[in-house]
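Some notes on the structure that comes next.
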Amino acid sequence: MKNIKSKILKEIEKSKPAIIKFAQALIRAKSENPYVPGESRNINKPIEKQVAELIFSELKKCALKPKYVSALPNHANVVCPLKNKGKPVLILNGHMDTVASGSEKKWKYPPFSGKILKGKLYGRGAMDMKSSLAAMIFTLKILKKFAPVLKGNLIFTAVVDEEPGACSEIGTKYLLKQGLNADACIVAEPGTEKIRAGMKGYFRFKIIAKGKAISTGSGAWERKEKGENAVTKMAKILLALEKLKFENKKSIITPGTLIKGGTGINIVPDYCEATVDMRLMPGQTKIMVKKQILDCLEKTKQKSVQIQDLMFVPGVSISKNEKIVEILEKNAKLILGKKPKIALSPSSCDAHFFIKKNIPTICGFGPNGDNFHGANEFVYTNSIIDVCKIYTLTAFDFLK
Ligand SMILES: [Zn+2]
């Protein structure tokens, strides 16, 4: 076994230039996804198409059998098994879309250039998570050569539409609905510092406060006979929400992330809306937190106030003793020289879909870099290779 593992590591070393070149190609294939859930979107816009095609043809080249699985014609997920059958099954999952690159002026190098300088590969998606995708694809390509000694099966899934909040109907969730199943899964969100054995979830909602408009110079307003200020009403509500205490201190509420109200500088505002973002720990259900929020609103005694649910993703966790956690930890230590911490991810990703289906899932382990979601996002090229080794050895151990 040791002998095979050292062969695997040698193969990855040999493939180093090809892996980095492929990560570069993925960065150059733009896949910015600016969609905000709840807003209308042009579903025909082929956001991830170019990335999906690159991945598909790269897998095909080495006699693997990728498939497109799509809920919408222009948003195809790529699914590629290592073999036709075998147990146990491990899934490697990564998303193909990225956040927008923002103002190009803030970037040292153009965001889609894939520039490499001093061991750093720059570009939108470099860290989150096109280099993870490259590492996973080469895991599959390299394990293909060792497939006969593996009892189990590996399934690689490159999915669409994760960035708008890990709550899409057309990406990971769709694949699971179509019957995708496994004994464990790794979601490739970046960073090797920690093995994320769970993640925080979130609840986002909108508050609408209504008032009554009247000129701020009118006698009726002066005498408080007419008019009602929807904005100050909202202010009281947001301040009350800010003081809300939750059982777990890591559950954070941020009231007023977006706010809109009023129609004129000299008119009493008759309308105000504000969004609230709340981060949830595993175990906090939507019913539970919503009750707390409604109780809080009630205590403010403000009338004509409504709340509208926008998005909900549950907080989830898995046991530290899961086989996938132990194997990943062991191989991370072997390659990196130190054990990563096991911790909860503070942000959300598609992993909750797998965990809700009882598939023990790592909620993030991938190459290191910096500035993800910001200007000058980059990934360390050496880290891509380290992570490719860790993914490959982990898959090998899990499936042998
Ligand atoms: Zn991501």
Task: the range 76-89, residues that are out of contact with any helix residue (DSSP H, G or I) (no Cβ under 8 Å at 6 or more places or on another chain) and closer than 18 Å to E162 by Cβ - done: none
TODO: Could you check how many residues of the range 279-299 are more than 27 Å from A351 (Cα to Cα) and of a type in the set (A, V, I, L, M)?
DONE: 2
Task: Conditions (1) within 16 Å of the ligand (Cβ to nearest atom); (2) among the aliphatic types (A, V, I, L, M); (3) surrounded by fewer than 24 Cβ atoms within 10 Å (Cβ to Cβ); number of the one not met by L180 - done: (1)
Open item on the list: Pull out all pairs, ordered by first then second residue, where Cβ-Cβ is under 8 Å, the residues are six or more apart or on different chains, the first lies in the range 39-51 and is free of Cβ contacts under 8 Å to residues at least 24 places away in the same chain, and the second is assigned to a loop (DSSP other than H, G, I, E, B) and surrounded by 10 or more Cβ atoms within 10 Å (Cβ to Cβ).
Closed with: R41/Y35; Q50/A29; Q50/K30; Q50/S31
Open item on the list: Which numbered condition in (1) surrounded by 15 or more Cβ atoms within 10 Å (Cβ to Cβ); (2) touching a residue at least 24 places away in the same chain (Cβ under 8 Å) is the only one that T232 fails?
Closed with: (2)
Task: the range 127-145, subset within 16 Å of the ligand (Cβ to nearest atom) and hydrophobic (A, V, I, L, M, F, W, C), residue nearest to T98 (Cα to Cα) - done: M129
TODO: Tally the residues that are at positive phi and assigned to a loop (DSSP other than H, G, I, E, B), restricting the search to the range 176-227.
DONE: 3
Task: When residues of the range 162-175 are limited to those that are within 18 Å of P66 (Cβ to Cβ) and not β-branched (V, I, T), the one nearest to the ligand (Cβ to nearest atom) - done: G171
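With the condition kept exactly as written, say whether any residue in the range 245-253 is surrounded by fewer than 16 Cβ atoms within 10 Å (Cβ to Cβ), more than 16 Å from the ligand (Cβ to nearest atom), among the hydroxyl-bearing types (S, T, Y) and not in a strand (DSSP E or B). Give the steps one after another, and end with the answer.
Within the range 245-253, the first condition is being surrounded by fewer than 16 Cβ atoms within 10 Å (Cβ to Cβ), and the residues that meet it are 245, 247-250, 252.
Now drop any that are not more than 16 Å from the ligand (Cβ to nearest atom), which leaves 245, 247-250, 252.
Remaining after also requiring among the hydroxyl-bearing types (S, T, Y): none.
Within the range 245-253, none of the residues are surrounded by fewer than 16 Cβ atoms within 10 Å (Cβ to Cβ), more than 16 Å from the ligand (Cβ to nearest atom), among the hydroxyl-bearing types (S, T, Y) and not in a strand (DSSP E or B).
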TODO: Scan the range 117-147 for residues that are over 19 Å from P81 (Cβ atoms) and of a type in the set (D, E, K, R) and report the count.
DONE: 5
Task: Criterion: more than 16 Å from the ligand (Cβ to nearest atom), more than 30 Å from L294 (Cβ to Cβ), in a strand (DSSP E or B) and of a type in the set (V, I, T) - qualifying residue of I342, I307, I390, I385 - done: I342
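From the set of residues in the range 115-126 that are in contact (Cβ under 8 Å) with a residue 40 or more places away in the chain and assigned to a loop (DSSP other than H, G, I, E, B), which is nearest to the ligand (Cβ to nearest atom)? Break it down into steps so the answer makes sense when it comes.
Initial filter on the range 115-126 (in contact (Cβ under 8 Å) with a residue 40 or more places away in the chain): 116, 119-126.
Of the ones still in play, those that are also assigned to a loop (DSSP other than H, G, I, E, B) are 119, 123-125.
Details: G119: 22, G123: 14, R124: 12, G125: 9 Å.
Once the filter is applied, the top-ranked residue is G125.
Let me confirm something: among N376, N382, which residue is at positive phi and surrounded by fewer than 22 Cβ atoms within 10 Å (Cβ to Cβ)? Give the derivation first.
Values: N382 fails: at positive phi.
Of N376, N382, the one residue that is at positive phi and surrounded by fewer than 22 Cβ atoms within 10 Å (Cβ to Cβ) is N376.
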Open item on the list: If K2 meets every condition in (1) crowded, with 19+ Cβ neighbours inside 10 Å; (2) without any contact (Cβ under 8 Å) to a residue 12 or more places away in the chain apart from one, which number is that one?
Closed with: (1)
TODO: Pick out the one residue from F112, F56 that is surrounded by 15 or more Cβ atoms within 10 Å (Cβ to Cβ), more than 16 Å from the ligand (Cβ to nearest atom) and assigned to a helix (DSSP H, G or I).
DONE: F56
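Looking only at the range 1-34, count how many residues are closer than 17 Å to D128 by Cα and part of a loop (DSSP other than H, G, I, E, B). Steps first, please.
Filtering the range 1-34 for residues closer than 17 Å to D128 by Cα gives 19-34.
From the residues that got through so far, the ones that are part of a loop (DSSP other than H, G, I, E, B) too are 29-31, 33-34.
Number of matching residues: 5.
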Open item on the list: Against the condition of a type in the set (K, R) and assigned to a helix (DSSP H, G or I), how does K141 come out, does it pass?
Closed with: yes
TODO: Please go through the range 234-273 and pick out each residue that is touching a Leu at 6+ places or on another chain (Cβ under 9 Å) and farther than 26 Å from M199 by Cα.
DONE: I237, A240, I259, E273
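Scan N42, N84, N77 and give me the residue that is loosely packed, with under 15 Cβ neighbours inside 10 Å and under 24 Å from G179 (Cα atoms).
Working: N42 fails: under 24 Å from G179 (Cα atoms); N77 fails: loosely packed, with under 15 Cβ neighbours inside 10 Å.
Being loosely packed, with under 15 Cβ neighbours inside 10 Å and under 24 Å from G179 (Cα atoms) holds for just one of N42, N84, N77, which is N84.
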Task: Residue match in the range 196-210 (condition: of a type in the set (A, V, I, L, M, F, W, C), closer than 30 Å to I342 by Cα, crowded, with 23+ Cβ neighbours inside 10 Å and away from the ligand (no atom under 16 Å from the Cβ)) - done: yes
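Here's the yes/no breakdown for (1) in contact with a Gly (Cβ under 6 Å, 6 or more places away or on another chain); (2) small (G, A, S); (3) within 12 Å of the ligand (Cβ to nearest atom):
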{"position": "I91", "(1), (2), (3)": "no, no, no"}
{"position": "S103", "(1), (2), (3)": "no, yes, no"}
{"position": "A147", "(1), (2), (3)": "no, yes, no"}
{"position": "V160", "(1), (2), (3)": "yes, no, no"}
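Quick note: the coordinates plus some simple rules give every number you see, no bench work behind them. On a predicted model such as this, the values are computed, not experimentally measured, just so you know. Neighbour counts are summed over all protein chains in view; Cβ atoms, including those assigned to glycine, are modelled from backbone coordinates with ideal geometry.
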